[in-house]
1. Might you let me know whether the stretch 113-120 holds any residue that is within 11 Å of the ligand (Cβ to nearest atom) and either free of Cβ contacts under 8 Å to residues at least 60 places away in the same chain or assigned to a loop (DSSP other than H, G, I, E, B) (or both)?
2. Please determine whether any residue of the stretch 90-101 is in contact (Cβ under 8 Å) with a residue 60 or more places away in the chain, within 29 Å of residue 137 (Cβ to Cβ), within 16 Å of the ligand (Cβ to nearest atom) and part of a strand (DSSP E or B).
3. Mind listing whichever residues of the stretch 69-89 are closer than 15 Å to residue 38 by Cβ, part of a strand (DSSP E or B) and within 16 Å of the ligand (Cβ to nearest atom)?
4. If we scan the stretch 125-136, do we find a residue that is in contact with a strand residue (DSSP E or B) (Cβ under 7 Å, 6 or more places away or on another chain), more than 14 Å from the ligand (Cβ to nearest atom) and outside any strand (DSSP E or B)?
Ligand code: FES
């Protein structure tokens, strides 16, 4: 084998290996990507979130607004079914941590499902829920 052919094969194999590695890493990195978080204003008691923010990989959007001490999590549970929860633990009012599979409280270990129900005590009550509706391309949460 001549030298040019060896160099070509070495470079081509290195490129293929890099592409295969990237193909394996990109989906893993996407699942670890931070949750979508937006800041928005309350208008006439409502918060509006663009429906396009919810994707196959991203079913939860955290909303921050100046008029509320706690974030609000808007969760897409089905194609046209959304629910909104206050990120305040129902046990002793600690802020919750949102994950792709539910909500967790660092204070005493309570956890909640994406539907706001208690998964692990000491909390016994579901999360505070806000009315939520989908109007074509906007999800509206009423505070
Ligand atoms: S305040 Fe959340 S578990 Fe106690």
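Quick note: the coordinates plus some simple rules give every number you see, no bench work behind them. What you are looking at is a predicted structure, and each value in this text was computed from that prediction instead of being measured. Positions of Cβ are generated from backbone atoms using ideal geometry, with glycine treated the same way; all protein chains shown enter the neighbour counts.
1. Checking the stretch 113-120: at least one residue is within 11 Å of the ligand (Cβ to nearest atom) and either free of Cβ contacts under 8 Å to residues at least 60 places away in the same chain or assigned to a loop (DSSP other than H, G, I, E, B) (or both).
2. yes
3. 73
4. Checking the stretch 125-136: at least one residue is in contact with a strand residue (DSSP E or B) (Cβ under 7 Å, 6 or more places away or on another chain), more than 14 Å from the ligand (Cβ to nearest atom) and outside any strand (DSSP E or B).
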